Amino acid sequence: MRMPRRGLVIQARTRWLLVGLALLFSLVLLMYLLECAPQTDGNGSLPGVVGESMGKEYYQALLQEQEEHYQNRATSLKRQIAQLKQELQEMSDKLKSLQEKKSPKVNGMNYQGTKEQTSNDLLEFLHSQIDKAEVSVGAKLPSEYGVIPFESFTSMKVFQLEMGLTRHPEEKPVRKDKRDELVEVIEAGLEVINNPDEEDGQDEDDGVGDRQLYSENDFIEGYYRTERDKGTQYELFYKKMDGMEYRHVTLFRPFGPLMKVKSETVDISRSIINVIVPLAGRTEAFAQFMQNFRDVCIHQDKRVHLTVVYFGQDGLSEVKSILESVARETDFHNYTLVSLNEEFNRGRGLDMGARAWEKGEVLMFFCDVDVYFTAEFLNSCRLNAEPGKKVFYPVVFSLYNPAIVYANQDIPPPVEQQLVHKKDSGFWRDFGFGMTCQYRTDFLTVGGFDLEVKGWGGEDVHLYRKYLHGDLMVVRTPVPGLFHLWHEKHCADELTPEQYRMCIQSKAMNEASHSHLGMLVFRDEIEAHLRKQAYRTNSEAVG
């Protein structure tokens, strides 16, 4: 039987393509042999004859020049080989396409259909990883230790919880793969913002000329965390220097390529924060708190309400005087003072402060009088809490006792100069859950604090666990703009054994770093060594 003419043409094309592939491989091999052959120099001299007089430096320079030459040639060859590989791949694809046209279908589906099915299966798997991860909704967790905290980063630094003995609470990424990862994520977020698709909610009629483009300089901060069996989640925030709108991009790497989860514009220009502070006595600390509040909230942010819940009568008049003085000097009247003539209970105070608000929904920041925060933190508070969806539990950087940290100075520096993230200056307070940003309706829906808890500690953990057991997402991450100032702690005898243990643990952790505590423990040994050294020096001088 004679073969159809079309079949002969296809076979002829196939043979010519195979011949072309063989010729290209031969060309690559020939170029490699020519370039790798050692070059000879007619003017070269033998070692020990003429070259010996030129010295060691001459040969080192000559070797370096030859090394650079071969490196450049190797780079050029690699580039040419890569181009040839690409051409070979294109020719191979053409050959495969010709073979597919004359190959029979397998089970009613050709090779191309099988390839498309494989690609669809992969995408389906990757999207299932996103659905299983805690990206869009919260996961019910058994305890406060089950949550996977985020680590925060800017374009220059990473703020991390896991330090061990070698890492620092704030540091530049040392590993190249970590640097490359964060750069890739920031650029991927910019690509999503600057080239939106239909599901991002932007009008198709808006041209590139009408749309504001973002750059790396507009990146404000980001958070990331990894679920080991699913992937890494990234929350990225961008903002123009002169604008109040933030662009929020969520990305997820399901142990594969980055996949966009969502891209949205977040307008926080009208987001009021109700800062609630429970207080009993400690009027000096409150005066210092109000100085920070005046600088950050009144002069910079200007979208804050202050609620102070005061327990007892002792010191109440001083607190009133401080608030009235600030109001007169700054024309600030967005504050509420709630007076309770009863024993101090932090949970009760925060609960009363939340219920004292009578203007509907509001974002609340549960704060303590010893906390120092920045205007950037207030924006982080707004960006990471969402009614019915997310609550924000930032990790505070707790400062050590300045009398120990700055023992080599006559007096400790001002508070503003103590606000640094260093191992010997403080630590990430990852066992504390008292500072939190959440919406009033979420707080009331979950049932608020356990008001049966008396005295120090415990009430914040109970509230935290309620959110973990529910459907809201808990955003847990260290933030650079939130500090807990050191103050002396007193653990009362009336505390329960569990509360007393927590109080002592907090007291020990707050005092000083591992190295500074070691210096205190071995102080006598160190002083004895210094005395011996001084005696030996004096003896040698006299001799």
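Quick rundown of the values:
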| read-out | value |
| --- | --- |
| Table column - 3J(HN,Hα) (Hz), region 237-246, Karplus curve with 6.51, -1.76, 1.60, x for Gly and Pro | 10, 10, 7, 6, 4, 9, x, 10, 7, 9 |
| Rounded FRET efficiency, nearest 0.05, which uses the C-beta distance separating Ala139 from Glu181 and R0 of 25 Å | 0.55 |
| Beta bridges per DSSP with both ends in region 251-402, % antiparallel, nearest 5 | 15 percent |
| Which listed pairs, of Lys239/Lys260; Lys423/Lys507; Lys302/Lys389; Lys466/Lys507, have C-alpha distances above 21 Å, in listed order | Lys302/Lys389; Lys466/Lys507 |
| Restricting region 392-486 to GluC sites (Glu not before Pro) in coil, as DSSP defines it, with at most 12 other Cβ within 10 Å | Glu452 |
| Calculated FRET efficiency for the pair Lys262/Asn334, C-beta based, R₀ 25 Å, to 0.05 | 0.15 |
| Size of electric dipole in region 273-518: Cβ of Lys, Arg +1 and of Asp, Glu -1, about Cα centre, debye, nearest 20 | 640 debye |
| Hull-based mean projected area of region 252-318, where the convex hull spans the alpha carbons, in square nanometres | 7.9 nm² |
| At 1.306 mPa s and 10 °C, Stokes diffusion of region 273-518 via Kirkwood alpha-carbon radius, µm² per second | 85 µm²/s |
| Computed FRET value (nearest 0.05) for Ser321 with Phe431, which takes r as the C-beta separation and R₀ as 41 Å | 0.70 |
| Accessible surface of region 273-518 [probe 1.4 Å, protein heavy atoms]: carbon and sulfur percent | 50 percent |
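The values are calculated or read from the model by the stated rules, or taken from the named source; none is laboratory data. Note that this is a predicted model, so its numbers are computed, not measured. Cβ coordinates were reconstructed from backbone atoms using ideal geometry, including for glycine residues, and neighbour counts include every protein chain displayed. We work out accessible area using only protein heavy atoms, side chains counted, and drop any ligands, DNA or RNA first. Shrake-Rupley method; radii C 1.70, N 1.55, O 1.52, S 1.80 Å.
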